[in-house]
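Data block below; observations after.
The values are calculated or read from the model by the stated rules, or taken from the named source; none is laboratory data. Just so it is clear, the structure is predicted and the values come from calculations on it, not from any experiment. Backbone-built Cβ (ideal geometry, glycine too); neighbour counts: all protein chains shown. Ligands, DNA and RNA are excluded from the accessible area calculation, which covers all protein heavy atoms including side chains. Shrake-Rupley method; radii C 1.70, N 1.55, O 1.52, S 1.80 Å.
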Amino acid sequence: MRVLLTGHQGYLGTVMVPILRANAHEVVGLDAGFFADCVLGDLPGDPPGLAMDLRDVTVEHLRGFDAVIHLAALSNDPLGALAPEITYDINHHASVRLARLAKEAGVRRFLYASTCSVYGAAGADLVTEDAPLRPITPYAESKVRVEDDVAVLADSGFSPVFLRNATAFGFSPRLRADIVLNNLVGYATLTGEVKVLSDGTPWRPLVHARDIAWAFANCLTAPPAAIHCRAFNIGTEANNLTVADIARAVVAAVPGSRLNITGESGADPRSYRVDFSAARAAFGFRALWTVQAGADELFQEYTARGLTYDDFFQRFTRLPHLERLRDTGVLDESMRRVQPGSARVPAS
């Protein structure tokens, strides 16, 4: 299958490329390159790609693909709160436009990376895909809007699928340090302290980046009738944990670290536990990574690859990295590159 992967130079995309290739798919990327240089360790082997802003895609860029996997987004709640209009412009409007163009270009399958944070303040009961959606951040709200607007495009020739990923964790060569497990392990590795700013009580569902990649790979080849225009939670019930539980896994992974639940930010309203049985039934997906195994992996990779304090708080944290690109003139106020890369597909 010939697959266009948007966001291929991001945290998840970098992990997904080799897994798709291992399943004999031809992968072409599309990325604005905001995080292309945010690499810890060896530079990953990127596929051929379109170096362009998602907002500039045309139907001609999408012809000849069997499927689109759409990961590209401004994936950060603080950034969404700081500039909600840009979050909606990229995450909502450009994503729906991409789906419309993909349908026009004859793409048959459109896999969209949504999020379990669409459930918002759902509480302690397990939520299924039919639960009410209560997004409480611009990022989560943008995902709900895309699901609604893309679903109406579905027909016999165009099959969208919405994969609501749990909060990702795990090592990627293009690291993200601002997601909960990656952040706690990094801070503990550098300071010896596992620091939780909330009261530790909110529930979070977690899933490893590699498990997310496998879910998308499985969904690419699932029978159309099993997945057509459906939403699926991606993760495992075993990784529904409180933030305090996650922190204790970090203490176990980082030798000599100590737990400090400060509570200074109060109770986080984002709290939800998720049922993941639909993906198991529809296309046989089972997440394999536990949170403890992920914490162990992260500590080993951070230590072996020489994670620094500056990298952790600047290069691998989305908001300060994007602010630096804007302050140095790489990006303008609309989060566009001042000198955008050429939109072409280099030879493999």
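Quick look at the values:
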| read-out | value |
| --- | --- |
| Scan of segment 12-36 for residues that are under 24 Å from L307 (Cα atoms) and in contact with a helix residue (DSSP H, G or I) (Cβ under 8 Å, 6 or more places away or on another chain), ordered by number | L12, V15, M16, F34, F35 |
| Of all residues in segment 204-227 being farther than 17 Å from A168 by Cα and assigned to a helix (DSSP H, G or I), the one that is farthest from the chain's Cα centre (by Cα) | A225 |
| Residue count for segment 228-254, restricted to those that are among the β-branched types (V, I, T) and either buried (at least 24 other Cβ atoms within 10 Å of the Cβ) or in a loop (DSSP other than H, G, I, E, B) (or both) | 5 |
| Number of the condition not met by V338 [criteria: (1) under 22 Å from Q9 (Cα atoms); (2) open to solvent by less than 70 Å² (accessible area, probe 1.4 Å); (3) in contact with an Asp or Glu (Cβ under 7 Å, 6 or more places away or on another chain)] | (2) |
| Residues of segment 286-335 satisfying the condition of being of a type in the set (D, E, K, R) and under 30 Å from A244 (Cβ atoms) | R286, D296, E297, E301, R305, D310, D311, R315, R318 |
| Tally, over segment 179-223, of residues that are farther than 22 Å from A293 by Cα, in contact with a strand residue (DSSP E or B) (Cβ under 9 Å, 6 or more places away or on another chain) and modelled with pLDDT of 95 or more | 3 |
| One residue from A81, A124 being of a type in the set (A, V, I, L, M, F, W, C), open to solvent by 40 Å² or more (accessible area, probe 1.4 Å), under 19 Å from the mean Cα position of the chain (by Cα) and modelled with pLDDT under 90 | A81 |
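For every residue, the table says whether it meets (1) under 30 Å from A215 (Cα atoms); (2) at pLDDT 95 or above; (3) not β-branched (V, I, T).
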{"residue": "N240", "(1), (2), (3)": "yes, yes, yes"}
{"residue": "R258", "(1), (2), (3)": "no, yes, yes"}
{"residue": "Y272", "(1), (2), (3)": "yes, no, yes"}
{"residue": "L319", "(1), (2), (3)": "yes, no, yes"}
{"residue": "R337", "(1), (2), (3)": "no, no, yes"}
